[in-house]
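Worksheet: one structure, shown below.
Quick note: the coordinates plus some simple rules give every number you see, no bench work behind them. Model, not experiment: these values are computed from the prediction. Glycine gets a Cβ as well: all are built from the backbone with ideal geometry, and neighbour counts include every protein chain shown.
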Amino acid sequence: MNQINGGIVVSGTIDGTTVVYDVLAVQADGTPTTLTQYYDDAKVLPDWHEIYTHGTAADKATLPRIIIRAFDTTTGADVTGTINITGVHYGFTMDNDNLVTFDADGISQAPIAGLLKRDTFNYNGKTIPCIMVIGNPADPSFNNPDDDRISFDGTVVSGGGQMSFHSIGKDVQIRPIVDANAGYSVEMHVPLNVPKYIMTNGNNVILSTQRIGKLYYNGAPVSAADMTGYVFKFYDITGPTEVELKNSDTDITIGQSLVSGDLITIGPEAVDCMLTLRCRVFDNTGKELASGTSAVYDLSDPYSLKWIVADSAAGANGVEYTGLEPRVNLRSGQTKYFIPKIVTEKGEIPTAVTWTFNADNANTGDTITGLPGVPSTSGQSSCSLSYSDVVLTDPSGNKTHRPVKLHAQSSEF
């Protein structure tokens, strides 16, 4: 029997169809790095502005470079070397998306003057465009305590033709500086030489993908020496229960990148179309320090999932979201219904399946409860989310964005 899993981030962009894209933050040598920045009234960490203006060449090599990788889904070919960026956008909030202009030196102008710089990156022997972060998104002068988003328009050459992409991007997470262990965070990075997706190459071989769990403290990577005795654990949180992944599982290998157990290799037999992966890090006393998530998609799977986002459970005024990692923005007062559909290359499958829904915090992987119909038992065809579910208001009236990773798991068909 067949079964399918799917997910959607309600927090928007959707990727292309025959070409898939992966937006990475890396250092000059290709080492994966973070786009999370911490702040208080006196400082920001890491201080990218200080590094750019007063740092040594070695310091500046650590500044985040945002690059776009592209893969042809038909052949598995890496076509990153043909990427051309035609537009850069910067969003301060979910409702604000600014087209970035650059001066003759490639430095971004108002309203984000001095924040970004056009640059290049050496990728597999080819020079590709990138955007370097040279300022501080968390700078209090921006009055900007919320997460930001950098997105791109551009073109790529695949199959002998030029294709356009629009609004593919990466979030900049902005967090307050805290004391003690609360300052830890976990991010899962894709190695530079590994595709983000499970896919079939030109020789009809299905390629696995990998994730590296990396621990940070207030934005600074924690060294291997300081993680003696620490434990990294990976979990599948796609379904209604969290399941720890181990070496003994089918198509799962857990190895070493920086420290033991921080690298996971995932093959197609471990994924039903998509899998949401959670990495949790424990110190040498067994205390959990932090966790983070990453979505894994199997492009070799004959089935995929699309979402109808509508004004009612019956699909009124529905908008279709397809592609990988679709994102939906809700505005104040809105409630939307999310209706999953199974599709193949030939179109939608008119199969009578029911769905089980559950939700997790898209950043940490923590389970979210108390939403209407989420988590659910089987038998539903849709569920709903409201603005107040993804933008929380504390007793003082301050608003906090909480992106929700909504999962749908079909009955067998």
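Counting Lys and Arg as +1 and Asp and Glu as -1, each charge on the Cβ, what is the dipole of segment 298-413 about the Cα centre in debye, to the nearest 20?
Taking the Cα centre of segment 298-413 as origin, the dipole is about 340 debye.
Projecting each Cα onto the charge dipole of the chain (Lys/Arg +1, Asp/Glu -1 at the beta carbon, about the Cα centre), which of 279, 191, 363 comes out farthest on the positive side?
Working it through, the farthest residue towards the positive pole turns out to be 191.
Can you work out ³J(HN,Hα) from phi for every residue in segment 259-276, in order, using Karplus 6.51 cos²θ - 1.76 cosθ + 1.60 and θ = phi - 60°, giving whole Hz and x for Gly and Pro?
Values per residue, Gly and Pro as x: 10, 4, x, 9, 10, 10, 10, 10, x, x, 5, 8, 10, 9, 6, 8, 9, 9 Hz.
Through the Karplus equation 6.51 cos²θ - 1.76 cosθ + 1.60, θ set to phi - 60°, convert the phi angles of segment 26-41 into ³J(HN,Hα) values in whole Hz; use x for Gly and Pro.
9, 7, 4, 8, x, 5, x, 9, 9, 10, 9, 10, 10, 8, 9, 5
Given +1 on the Cβ of Lys and Arg, -1 on the Cβ of Asp and Glu, and no further charges, what dipole in debye does the chain carry about its Cα centre, rounded to the nearest 20?
280
Run the reach check for residue 346 against lysines, Cα to Cα strictly under 17 Å, same-chain hits fewer than 8 apart removed. What comes back?
306
Rounded if a/c is under 1.5, else prolate if a/b is larger than b/c, else oblate: which is segment 350-401, with a ≥ b ≥ c the root eigenvalues of its Cα gyration tensor?
It is prolate, given that a/c is not under 1.5 and a/b is the larger ratio.
With +1 on each Lys and Arg Cβ and -1 on each Asp and Glu Cβ, and nothing else charged, work out how big the dipole of segment 16-90 is about its Cα centre, in Debye to the nearest 20.
So the dipole magnitude of segment 16-90 works out to roughly 160 debye.
HN-Hα J couplings of segment 199-210 from phi, Karplus 6.51/-1.76/1.60, θ = phi - 60°, integer Hz, Gly and Pro as x?
8, 9, 8, x, 9, 6, 9, 7, 8, 7, 10, 9
Is it possible to state the helix-based mean residue ellipticity at 222 nm for the chain, with each DSSP H run of 4+ residues giving -39500 (n - 2.57), the sum divided by total residues, to the nearest 500 deg cm²/dmol? What is it?
Rounded to the nearest 500, it is -500 deg cm²/dmol.
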